[in-house]
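The values are calculated or read from the model by the stated rules, or taken from the named source; none is laboratory data. Predicted model, so just to flag it, every value in this text is computed and none were measured. Ideal geometry is used to build each Cβ from the backbone, glycine not excepted, and the neighbour counts take in all protein chains shown. These area figures cover heavy atoms from the full protein model, side chains too; ligands, DNA and RNA do not enter into them. Shrake-Rupley method; radii C 1.70, N 1.55, O 1.52, S 1.80 Å.
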Protein chains: 2
Amino acid sequence: MAKNVGILAMEVYFPPTCIQQEVLEAHDGASKGKYTIGLGQDCMAFCTEVEDVISMSMTAVTSLLEKYGVDPKEIGRLEVGSETVLDKSKSIKTFLMPIFEKCGNTDIEGVDSTNACYGGTAALFNCVNWVESSSWDGRYGLVVCTDSAVYAEGPARPTGGAAAIAMLIGPNAPISFESKLRASHMAHVYDFYKPDLASEYPVVDGKLSQTCYLMALDSCYKSFCDKYQKLEGKQFSVNDAEYFVFHSPYNKLVQKSFARLLFNDFLSSASSIDEAAKEKLSPFSSLTNEESYQSRDLEKATQQVAKPFYDVKVQPSTLIPKQVGNMYTASLYAAFASLLHNKNSTLAGQRVILFSYGSGLSATMFSLRFNEGKHPFSLSNIATVMNVSEKLKSRNEFPPEKFVEIMKLMEHRYGGKDFVTSKDCSLLAPGTYYLTEVDSKYRRFYAKKAVENGVVANGH
Amino acid sequence: MAKNVGILAMEVYFPPTCIQQEVLEAHDGASKGKYTIGLGQDCMAFCTEVEDVISMSMTAVTSLLEKYGVDPKEIGRLEVGSETVLDKSKSIKTFLMPIFEKCGNTDIEGVDSTNACYGGTAALFNCVNWVESSSWDGRYGLVVCTDSAVYAEGPARPTGGAAAIAMLIGPNAPISFESKLRASHMAHVYDFYKPDLASEYPVVDGKLSQTCYLMALDSCYKSFCDKYQKLEGKQFSVNDAEYFVFHSPYNKLVQKSFARLLFNDFLSSASSIDEAAKEKLSPFSSLTNEESYQSRDLEKATQQVAKPFYDVKVQPSTLIPKQVGNMYTASLYAAFASLLHNKNSTLAGQRVILFSYGSGLSATMFSLRFNEGKHPFSLSNIATVMNVSEKLKSRNEFPPEKFVEIMKLMEHRYGGKDFVTSKDCSLLAPGTYYLTEVDSKYRRFYAKKAVENGVVANGH
C-alpha cells in the first residue's frame, strides 16, 4: 500500500474583486463593528459577471499543474467539491476535462461530491482512499474545492465570499493523513439548504446552524479523543496538536469553536486545563448540553481560557477566511493554506487537526502530519507557489454601490441563458479563466487571459 | 489490506406504479412499435406524488438492513449517487441519517456523488476504495443509487423511469472487484444536462448523446483491452467474460453497444470473430470512426454478428431496465440485479463486465468476479431478497390519461413548498416510505407504511 498519502501541492485562487467589511457595514446602516468585530471579518471577495465556480476551478487547476510542473497526463483522478450548482446533472469536473483532453488524457476517475461546505473534504478523502486502494494506477489525484457564496440582501450578505482551491494528492506527501485519527458526525437537519432551485441564495436559520456546527464539533471531538485514547493509550487534549483549523463561515464562529474544545477538555479533565482555567469554568460544569450552547457567560469564560492557545494554535490559519470571506467547500482549505503561508517550513514534524462542516449536516475532524518534503512538493515551495500575500495585496476594492449592482446582475443571470458577458478581464491576473458567453442552449464558454498580450480561447 | 472487496448484498426498489409502453405509444399517436421495438422498452415506472428519490432510497436502505439482518451501527460509510436534485446543497445522504441516528450511529462518512447517471458508480468505487484504505474502520459501506427520470411531453418522455438500489460493501464479497481491470473515459460535452434549474426536465440532444455513449464505450473498451493485455499477457475479446452489463437508457442502445464491442473485436482481430463474422464486417473496415457511428449498414451487420453472443451474455441483464425504464444512476445496477435474478448461483466463478455512462460525460468499464459467498451474503440469497419477479408482477398499470395527469402535478410540485400530499399509500407495499408534506420552509416529511396496520411516522 502507498505510504504517507496526502497533499503534495496546493494552489489557491480567489477573485481580485472585493469589498471591505467596514465599508459594507456603513453602507448597510449596520452598527459599527457588526461585521468586523461581530462576525470577525475584514474583507469579502466576490465574482463579477466574468467569473464563476467553473472559471475559478479552471484557473486553480491549470495554475497548479504549471507551477509545480505536473504533466496533465500524470493525473489519474480528479474530484470536485462544490455546492454552487450551475447545472444539476453535468459535473464541474467535466468542465475541467478539456485541460486534460488536449493532452490525450481522458482516463481520469472521479466526479463531484456534494453536501454544502463539506463536499471538498469528501472529495479529498475519496482521492486519498483511491491512492491507498488496489485500483490506484500510480498517478496523482487532484481535488478541487470551488464555491461562490452569495446571500440575499440582509444580515447574511456579509458572510459571502468566493474561491477555488486545487490540491494534488499522492504518496510520500509533505502533508500526510493520520488516517485512524478521524471522527465524523452526520445528521438530518435543516440549518442551511438550497431548496429554492431557481435562486442562488440559500434558506438559512443562522442560529440553528451555529448550534448544529458546535454540536457536530463536540460530537466529532469526543469521538476523535476516544479514538486517540484507544490508539495512543493516553488522553487527548488541545496540547497534542500544534494547530487547529476550522471551516470558517465567519471568524467569530472559529473563535467560539476553538473555545468549545477547551470546554470539552475541561469536562474530561484533560491536561490542557490548569488550575486557573478550572476555576473559571467550574461554574458551568453542571450545564446541560443544550444550555451550554446558549450560555453567553460560558462563551465568554471559555474564550478567555482559550485566548492564549487560540493566538498560537488557530490564529495563523485565519488570514484568508477573514480577508476573502466564506468560500463554502474551499473555506477549510483556504484556512489551511493560510497556516502554510504563515508557518510553512517550520511546520515540519508537527500535527494539525482540521474540522470540516457542511450544513444538512456532515462534519469530520481529522489529523494531518507535516514533513518538509522534496521540491517541488515541499512545504516551503507550496507557500511560495500560493503567493498569498501578493494575491491579497493586488486586489481591487469596490465601493458598496458597485458591489450591490453586481450582486443584482448576478442574481438576474443565475440560471439564465443567451447572454454574453462584458469579457472585461482587465482586473484579472494573467492566466485567469473567465466567462464570455452562455448561449441559447445554456452552453457556457470561457477564455483564458493570456500571460502575454491577447486572449487564448480554451477550445470549447 | 481487505481482500475480495465488493458487493455483499443488494436491494432493489421501484415504484409499483407504471405504464405499458404499448399503451403510451398508442396514446401519443406514435407509430406502432416505436417505443416497444424502436426503443426496445416494455414498461415504465414512475413516482406518483407520494414518492420521490428520498423516499425510494429510505425504502431501499431500510429493506436491505432488515432483510440481510445488518445492524445500522455496523455501517461506517454511506454514499448516494443521484442526479435528481431536490436540494442544491443538502445531500440525499443526510435524509437517510435518521435511520442510523436513532441507533446512535452518526459516525458515517460519505456524501452524494453527482454526474448524471454515473454518480452511483462513483459512489460504489469510493466505498470500495474506503474499505481498501488505511482509514477503513472495519464496518460496512452502503451505496445508494436513486433517481426519478422524467421528461417533458414529447419524444423523450417514454425514456423515463424510477428506482432506488442499495448495495452493501465489504471484504470477502460474493461479487468482488477486479480492480486493475478498469478504464474510464471522461470529457466535456453537452449531450444531456440540466441547466434550467427550476425545471425537473433535462436539455437533451438525443442523437449526440447516443454518439457520445458509443464513443465513450469504444474508448473504455480499447483502454480496458490494453490493460487486460498488459496484466494477463493475452488479448481480450468478448469471450473472456461470461456477461456484459450496460447502463441502459433504453434497451435498443444496449443492443447497439454490445454489437459495437464485436466491431471492436473485429478491428483488433480478436478471437471472438470467426470467418463468417469477418466476412460480414470486412466491408466496414475502412470506415473512419465518425462514419462508423453513423452507418446504419454497419449497425445492422454488427447486430447480426452479435446476436448469438447477445442472447447469452447480455439478455439476462435486460429485464428490469426494459420493465422499469431508465433509472439514471440506478439503471446499470438494476441491469446487474436482473442478471443476479436470472442466473444467481450459476454465476459463481464467472466474470461480468459493466459499462457505466453519465452524460456530460463520465464513463467507466470495469470487471467483477462472482463466487457463491456465505449466507446471508450469497448470490442465491441476494436473488431471493430482491424478489424481482414478485415486485414486477404486483405493479399497477396506469392508463395514459392518469399518467399524464400525474406528470402535470409532479411538474407543478417540483421545487415547490407548502403543500401536503394525498398521503395515499394504498398502492405501496408495506415498509415503503412516502412523502406526506413539504412545509412553508421547504422541509420534507415522510412516513413509512406499516407492515401491519397503521402508519409509522419516521420522526422528522
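Observations on the structure shown:
- Scan of the range B:357-412 for residues that are of a type in the set (S, T, N, Q), crowded, with 20+ Cβ neighbours inside 10 Å and out of contact with any Asp or Glu (no Cβ under 6 Å at 6 or more places or on another chain), ordered by number: B:S362, B:T364, B:N381
- When the range A:6-29 is filtered for residues that are farther than 30 Å from A:A173 by Cβ, of a type in the set (G, A, S) and either buried (at least 17 other Cβ atoms within 10 Å of the Cβ) or touching a Cys at 6+ places or on another chain (Cβ under 6 Å) (or both), nothing remains.
- Scanning the range A:303-333 for residues that are at positive phi and in a helix (DSSP H, G or I) turns up just one, A:Y328.
- Selection status of A:G119, of a type outside the set (A, V, I, L, M), modelled with pLDDT of 95 or more and at positive phi: no
- For B:Y293: the one exception among (1) hydroxyl-bearing (S, T, Y); (2) outside any helix (DSSP H, G or I); (3) surrounded by fewer than 21 Cβ atoms within 10 Å (Cβ to Cβ): (2)
- Each residue in the range A:45-90 was checked for being more than 14 Å from chain B (Cβ to nearest Cβ), in a loop (DSSP other than H, G, I, E, B) and of a type in the set (D, E), and 3 of them qualify.
- The residue that is nearest to the other protein chains (Cβ to nearest Cβ), among those in the range A:201-219 that are open to solvent by 40 Å² or more (accessible area, probe 1.4 Å) and either within 19 Å of the chain's Cα centre (by Cα) or within 25 Å of A:E153 (Cβ to Cβ) (or both), is A:V203.
- In this entry, A:L181 passes the filter for residues that are of a type outside the set (D, E, K, R), within 11 Å of chain B (Cβ to nearest Cβ) and either in a strand (DSSP E or B) or under 18 Å from the mean Cα position of the chain (by Cα) (or both).
- Qualifying residue in the range A:253-268 (condition: more than 10 Å from every other protein chain (Cβ to nearest Cβ), without any contact (Cβ under 8 Å) to a residue 24 or more places away in the chain and in contact with a Ser or Thr (Cβ under 9 Å, 6 or more places away or on another chain)): yes
- Checked against the criteria, A:K256 counts as among the basic types (K, R), closer than 21 Å to A:T288 by Cα and open to solvent by 30 Å² or more (accessible area, probe 1.4 Å).
- Residue in the range A:93-111 that is under 16 Å from A:I165 (Cβ atoms), within 17 Å of the chain's Cα centre (by Cα) and modelled with pLDDT of 95 or more present: no
- Of the residues making up the range B:91-132, those that are part of a loop (DSSP other than H, G, I, E, B), within 7 Å of chain A (Cβ to nearest Cβ) and open to solvent by 10 Å² or more (accessible area, probe 1.4 Å) are B:T106, B:D107.
- Of all the numbered requirements in (1) farther than 27 Å from A:E411 by Cβ; (2) within 14 Å of chain B (Cβ to nearest Cβ); (3) open to solvent by less than 40 Å² (accessible area, probe 1.4 Å); (4) in contact with a Phe, Trp or Tyr (Cβ under 8 Å, 6 or more places away or on another chain), A:P195 misses one, and that requirement is (1).
- The single condition from (1) more than 10 Å from chain B (Cβ to nearest Cβ); (2) farther than 30 Å from B:Y228 by Cβ; (3) open to solvent by 20 Å² or more (accessible area, probe 1.4 Å) that A:G138 fails is (2).
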